[in-house]
Amino acid sequence: MSVVPESGTAWWLVTRKALPGIGGMERLSSELATRLARRHAVRTVAHAGGRIALAKFLLDAAGQVKAAASRGEMGLLHLGDSVLAPLARIARTHGVPAVVTIHGLDVTHPHPVYRAWRKRFLRDLDAYVCNSHATRDAAIAAGVPAERTHVIGIGIDPVDATHIEREDERLLFVGRLIKRKGLAWFVRDVLPGVAARRPALKLAIVGAGPERGAVESAARAGGVADRLQWFGAAGEDVKAREFARASICVMPNVPVPGDLEGFGIVALEAAAAGCPLLAADLDGLRDAVVDGETGHLLPPGDPAAWQAALDQWLDDDAARRAAGARATIAVHAHRGWTPVIDAYAALFESLVAEKRASSQR
């Protein structure tokens, strides 16, 4: 028998990715847990292990969700991503509204096992939060009901890096070294042409991943291996320092079938630090970057366009610094965490109210 929860009971947030992990999913899960708890009773269930321990986490979380929902102690269930979707069925069986946040790859991953999982479990939830309009389009294409989707992005905190001097010919890439991030393409097809005209130019790389070998090969082939500075999967302090030092941050994503860039939190991090940004006009980067305000969008895979944009900014220090200052103002005004948390809280409150109203009819 369903036990419809009271409107004041706790919102449960279940996530398999949270800080100190690195990435937009981790940041969002942690900020939701911290900031929603200032407004409402919140219970967070977070997975601290890797993929091997994920099955055990799902079983443990399922038991906790079932117990709390059956006792009427759960007002709403939020799932950090689509992998956790089976837990929604447990909550809804007991009259608890269930919401999932979709990040992009969770609705486009081509692996047949995951596609079957998605088809079986990513259905009949009360709401689907998409981190960008590109993710929403992909979710609808995967069978998610359009009328239950809501686009809510990711926020960013202000950054104080005024004590670090910005360098004139220092490019920066931050992110996982995977194909869709486009770093191998950038190093092979863009960097050599720009570097040939600028002997002092460097490219700092903060990130790790399976594409490092491809990036190194591209650099050797283009004669720019000595221009790369590797920092690996560095912590937040190193990222903040490099955002403050760089003259331009690049996000040269390329299209990869089945591998969607859901949002691109690096774009917000660059803007918050006042670092001018050039990004590919692709997928969720169109939501993360306000073209002409928080950065500039360029055609993906177009070396001439990228080289021209880099040369223009590297030649004009005043314009580059003005772009960075403009980006900081815009991101702080429109991309802070408050509107993101407001949107989540409003959605959660409306779903709980709707569930209660329907139970009283």
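Every number here is computed from the coordinates shown, using simple stated rules; none is lab data. Values in this document were obtained by computation on a predicted structure and should not be read as measured data. Quick reminder, even Gly has a Cβ in these numbers, built from the backbone with ideal geometry, and neighbours come from all protein chains shown.
Details
- Given +1 at the Cβ of Lys and Arg, -1 at the Cβ of Asp and Glu and no other charges, the dipole of the range 297-361 around its Cα centre is 520 debye to the nearest 20.
- About the Cα centre, charge dipole magnitude for the chain (Lys/Arg +1, Asp/Glu -1 at Cβ), debye: 1360
- For H150, H111, order by how many other beta-carbon atoms lie within 10 Å, fewest first: H111, H150
- Take 195-204, 131-140 and order them by the average number of nearby Cβ atoms within 10 Å per residue, most first; the result is 131-140, 195-204.
- Taking Cα atoms only, the orientation of helix 112-121 departs from the longest principal axis of the chain by about 40 degrees.
- Acute angle (nearest 10 degrees) that the helix 24-36 long axis makes with the longest principal axis of the chain, alpha-carbon atoms: 50
- Point-to-point label distance, A200-A322, nm (Cα→Cβ direction, 7 Å offset): 2.3
- At R0 = 41 Å, FRET efficiency that the Cβ-Cβ distance of E167 and A141 yields, to 0.05: 0.45
- Neighbour-count order for I329, I52, fewest beta carbons within 10 angstrom listed first: I52, I329
- Sorting W185, W313, W12 by the number of Cβ atoms found within 10 Å of their own Cβ, with the fewest placed first, yields W313, W185, W12.
- Neighbourhood charge, 9 Å Cβ-Cβ cut-off, centred on I341 and excluding it, Lys, Arg +1 and Asp, Glu -1: +1
- For the pair A221 and A233, the difference between a 0.36 nm per residue extended length and the Cα-Cα distance amounts to 1.9 nm.
- Principal-axis tilt of helix 337-359 within the chain, Cα atoms, nearest 10 degrees: 20
- Global geometry of the range 170-334, whether rounded, prolate or oblate, following the gyration tensor of its Cα atoms and the 1.5 cut on a/c: rounded
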